[in-house]
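A short write-up of the structure that comes next.
The values are calculated or read from the model by the stated rules, or taken from the named source; none is laboratory data. For clarity, every value in this text was computed on a predicted model and none was experimentally measured. Note that each Cβ is placed from the backbone with ideal geometry, even for glycine, and that neighbours are counted across all protein chains shown. Note: accessible area is taken over every heavy atom of the protein model, side chains too, but ligands, DNA and RNA are not part of it. Shrake-Rupley method; radii C 1.70, N 1.55, O 1.52, S 1.80 Å.
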Amino acid sequence: MINQLTHLDRLESKSVHIIREAYSNFKNLCMLWSIGKDSTVMLWLARKAFFGHVPFPLVHVDTAYKIPEMIEYRDRLAREYKLDMIYGQNEEALRDKKTFPDGDCSRIECCKRLKTEALKNTLAGTWKRYRMNKETGIYEVDSNTEPYTGVIVGVRADEEGSRSKERYFSPRDRNNDWDVGDQPPEFWNQYKTDFAPGTHVRIHPLLDWTEVDIWKYIQREGIPTVSLYYNQGDGKRYRSLGCYPCTSPIQSQASSVAEIIEELESGILSNIAERSGREQDKEDGGGLEDLRKDGYM
Amino acid sequence: MSLIKQTEKADVKQREVMNIVIVGHVDHGKSTVIGRLLADTDSLPKGKLDQVRENCRRNSKPFEYAFLLDALKDEQAQGITIDAARCFFKTKKRNYIILDAPGHIEFLKNMVTGAANAEAALLVIDAQEGIMENSTRHGYLLSMLGIKQVAVLVNKMDLVEYNQEVYEDIKKNYATFLEKVGIQATCFIPVSGFHGDNITRHSENMPWYGGDTVLDRLDLFHSAGLPVDMPFRMPVQGVYKFTQDGDYRRIVAGTVETGRIKAGDTVVFYPSGKKSKVKTIETFNAPEPDEAVPGMATGFTLEDQIYITRGEIATVSGEAPCRISRKIVTNVFWLGKHDLVKDKEYLIKIGTSKISATLIEVVKVMNASDLSNEAKDYVGRHEVAECIFDLKKDIAFDLNNENPVTGRFVIIDDYEIAGGGIIVDQVKDKYSRVRDYVVMRNLKWEKSIIGRDLRSVRYKQKPALVIITGDEASDKKELAREVEKLLFDNGEYVYFLGIGNVVYGVDADIRATQSDKSLKDPNRQEHIRRLGEVANVLLDAGMILVVTAVELTADEIDMIDTTVVPPHICVVWLGDKVTTDVKYDIKLAEGDYKKNASIIRKHLSERGVIFNPLL
Ligand SMILES: Nc1nc2c(ncn2[C@@H]2O[C@H](COP(=O)(O)OP(=O)(O)O)[C@@H](O)[C@H]2O)c(=O)[nH]1
């Protein structure tokens, strides 16, 4: 007889419940998958929720500056898990070399173009979406251009300041605007699932998880992750993954999940922000609040 | 170097975690108590406290624990570990998360959001200022939110010279108040957040107090035990079937609220009253669990292919059944921007069901400060009131004192959650009797081993009820016969059933002697109920059924839908002038019956009832 649930059990069940609520309430629903540890755990939770299936598309915003291993990993899991995989990108900015690595703009501006803009337009269906053909494994232009009204996103409250003011179901209006001060109440497992035409809702199943919870869950479930998170012998690992021109590894000897958990629990990283390797954060003093108000994840 | 790290599944070490919320009137010392708890349990980043004190000294302003929390927030904005909306600290026994509800005007919304996730609460009252409006309002809300463990901290004892009488006075008055709203404080503790008396150390300033410190008290709170001994309740979130991926399981999914369930248990779903046996408890990437318990997001398969949908509540046969009604007496707290008023349509969400509702009566509005009652016919922002709601459809629920989780709901106004409530009673509505019959009938139904799905495949159609109504003069039967013939010729299994077929046989005992058809027939409701029952048998047999009756009203269609499974597929009004409030799907002019019949057939085909290609 089961008489208690562990902390991870409770986190897992709550997230699964939220993902199922999203599935029941939004016709045009998708899940953002950044290939990082958090959204990969979230993908895993979706498979938990639907007993091995993922009944909505996964959307990846490809900045074209992702570390190549990440794209390979994405497509491999997409095939293995039979995912409905979609990606979008800012083709114009990439073609016209209007990016930070091309020397055209600041990191923040580059993020705006390659991530925020690309994300907004991919979700809205105003830019091309590429969908993996399940038979051939090749990406084709997606004929469906309907906007997504529900978007599941893997943010955690402990990551940065602005995120801790989030709700599980967080409405955005027509312009992707987000009113930090006026969030609807959420209680008794009831969430904002009704919305005015033209608005959409961000859904955050991982809000209660901490970095350590994520790693413990990866360990408990045996979830495959990109090897960039681990020290490969050079005393360095990535703690957070982004575009290679703007992401740097941290000093660390941790080469397994168990060692990462140990490292996090020892407190040696407790005065270093998880995203300290992400250069764009430093340009945005507002703890990403400015970027996020604009629709950044 | 391999691309993907395949981690071996392994057990992980986990500590117990408890969520607590801290509430109270503004300036009574919430931040100070939190700051103290963090400082005295060594949960602050190194040197932080000294740094903030030093800062205050340099700017010649008095030190405040609130500054400490602000400083933590600033750091958090730069991405360093501490989360201001949730402060973490740990004792030897377990980890704590304090859910702080920031903001003054928006406090109540945030407090409700935080408190609903908490297992225990600290309620702070200023010893000098005494019990204020929000001390009582928050206490009342805690009781409605179902938080049973509340420690009341009488704070700022230093300002009243650690005087026992002041403490006892507040304790007495506040305990009396809590009793009125139906909660019992776990304990009262005299403290000084600012000086640390009785927070983590026993105070030498109050030798007269022999109770626990706040920290000891926290460790004594019970981690919410799983309510496994209550009747099983699981609101159905969805019924999943992923056949396109080659998975033929049909899984009823949801999160268990109370009780437990295992393979072999007989489940009854409410409000439909349908039942079956649990075949398997389903999971992913784990061995099949023996049982599902409260808090678990789970799913199970059934022995029979019964048709159930999101919104029903799964229960276990033999345990207390759910209640079903369309009229509920509730206690509501209102957070909406606009008042809660009569004659407006709201949505009520209870469990996973969502129903339109109207407020029909405000019994009383409670004054938060003194619990006196006001007579009003609306409920304003931040008010608490007893209200009666009328619901559009049947819902299944429990009274809040029977089962808090299935006895509460939220109210949606203009797309937003604008209030919450608990159900304290139900009122018999005009369908109560019909519904009781239906629930009993479904419970006792002798099930055939040939399920609805099998019949559908064989007959190439789904069972469906077509209702043709119109004024007395219109020739509904003519149209019904034409529809019957057209469908029959196309190979469907179809049957025409007029109310007359029922009146003289099935209804012989209640048949009125003069005018059977008159709307004033005192037994009209019963005639229609029986018509529904006969229809239900034929629908279960897989038929497409065409039923006719004079001038059906919206209520009567509702009653037929209460009786039949599945509900009607289409209502046709025949004639130019619609003389009742019925909501029809198709309105047809009298005359060309062939054409009219083909319109109805087209509708059925669009609704997915007929699989045969149209001839
Ligand atoms: N003397 C004294 N002042 C206190 C005590 N607790 C809080 N205060 C003061 O009361 C004021 C309000 O406290 P704060 O914690 O910000 O209240 P909140 O609004 O409930 O968070 C501040 O000036 C505190 O320094 C106490 O135990 N003794």
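Label positions at B:ASP581 and B:TYR248, each projected 7 Å from the Cα along the C-beta direction, are separated by 4.9 nm. Measuring only protein heavy atoms, the 1.4 Å probe finds B:LYS5 accessible over about 60 Å².
Please compute the volume of the convex hull spanned by the alpha-carbon atoms of chain B and report it per residue in Å³.
Working: hull volume 135.1 nm³, N = 615.
Residue-normalised Cα hull volume stands at 220 Å³.
Size check on region B:363-418: the Cα extents along the three principal axes, sorted descending, read 33, 30, 18 Å. Measuring nothing but protein heavy atoms, the accessible surface of region B:323-433 at 1.4 Å probe radius is 46 percent carbon and sulfur. Built from the Cα atoms of region B:234-316, the convex hull projects on average onto 5.1 nm², one quarter of its surface area. Taking label points 7 Å from Cα along the Cα-to-Cβ direction, B:SER598 and A:ASN133 give a separation of 4.2 nm. Taken about its Cα centre, chain B carries a charge dipole of about 1640 debye when Lys and Arg each add +1 at the Cβ and Asp and Glu each add -1 at the Cβ.
Provide the FRET efficiency to the nearest 0.05 for the A:TYR244-B:PHE107 pair, computing r from the beta carbons and using R0 = 41 Å. Mind showing how you got there, number by number?
Working: r = 44 Å, r/R0 = 1.08.
The pair A:TYR244/B:PHE107 has a calculated efficiency of 0.40.
With only the Cα atoms considered, region B:90-244 has a convex hull volume of 178 Å³ per residue. Sorting the Cα pairs of chain A by distance into bins of 5 Å, from 0 upward, gives 1, 5, 11, 16, 19, 19, 15, 9, 4, 1, 0, 0, 0 percent per bin. Projecting the Cα atoms of B:TYR209, B:LEU153, B:TYR437 onto the charge dipole of chain B (Cβ charges, centred on the Cα centre) puts B:TYR437 farthest toward the positive pole.
Need the full-extension length gain, B:LYS13 to B:THR200, defined as separation in residues times 0.36 nm minus the C-alpha distance. One decimal, nm.
On the way: separation 187, 0.36 × 187 = 67.32 nm, distance 2.72 nm.
Residue separation times 0.36 nm, minus the Cα-Cα distance, leaves 64.6 nm.
Principal-axis analysis of the Cα atoms of chain B puts helix B:48-58 at an angle of about 60° to the longest axis.
Positive end of the charge dipole of chain A (Lys, Arg +1 and Asp, Glu -1 on Cβ, about the Cα centre): tell me which of A:TYR217, A:HIS60, A:ILE268 has its Cα farthest that way. Farthest towards the positive end: A:HIS60.
If B:TYR248, B:TYR240 are ordered by their accessible area, calculated over protein heavy atoms with a 1.4 Å probe, which sequence runs from highest to lowest?
B:TYR248, B:TYR240
Work the Kirkwood hydrodynamic radius out for the protein assembly as shown: mean of 1/r over every pair of different alpha-carbon atoms, inverted, in Å. Don't jump to the answer; show the numbers that get you there.
Details: mean 1/r = 0.0326 Å⁻¹.
So the Kirkwood estimate lands at 30.7 Å.
Using Cβ point charges alone (K and R +1, D and E -1), the dipole size of the protein assembly as shown about the Cα centre works out to roughly 2060 debye. Between the Cα long axis of helix B:65-77 and the first principal axis of chain B there is an angle of about 60°, rounded to the nearest 10. Solvent exposure of the protein assembly as shown amounts to 42 Å² per residue of accessible area, where only protein heavy atoms count and the probe is 1.4 Å. Spacing of the modelled spin labels on A:GLU262 and B:LYS61, each 7 Å from Cα toward Cβ, amounts to 4.6 nm.
Split the accessible area of region B:11-220 by element, probe 1.4 Å, and carbon with sulfur accounts for 46%. Charge dipole of chain A (Cα centre as origin; +1 on each Lys and Arg Cβ, -1 on each Asp and Glu Cβ, all else neutral): 600 debye, rounded to the nearest 20.
The residues B:PHE221, B:PHE88, sorted by heavy-atom accessible surface at 1.4 Å with ligands and nucleic acids left out, run B:PHE88, B:PHE221 from largest to smallest. Across region A:191-200, coupling constants 3J(HN,Hα) worked out from phi with the 6.51/-1.76/1.60 Karplus curve, θ = phi - 60°, read 10, 6, 10, 9, 8, 6, x, x, 9, 9 Hz, and Gly and Pro carry x. Straightening the chain between B:GLU129 and B:ASN612 buys 166.1 nm, computed as 0.36 nm per residue apart minus the Cα-Cα spacing.
Measuring max minus min along each principal axis, the C-alpha atoms of region B:448-606 give extents of 44, 38, 23 Å (largest first).
Taking amide hydrogens as placed 1.01 Å from N in the peptide plane, the amide H of B:ALA464 sits under 5 Å from those of B:ILE544, B:LEU545, each at least 5 positions away in sequence or on another chain. Within region B:176-253, the proportion of C-alpha pairs whose separation exceeds 14 Å stands at 76%. Between chain B and chain A, the total buried accessible area stands at approximately 6900 Å², from heavy atoms with a 1.4 Å probe. Evaluating 6.51 cos²θ - 1.76 cosθ + 1.60 at θ = phi - 60° for every residue in region B:583-595, the Karplus couplings come out as 9, 8, 8, 9, 10, 10, 7, 5, x, 6, 5, 4, 5 Hz, glycine and proline recorded as x.
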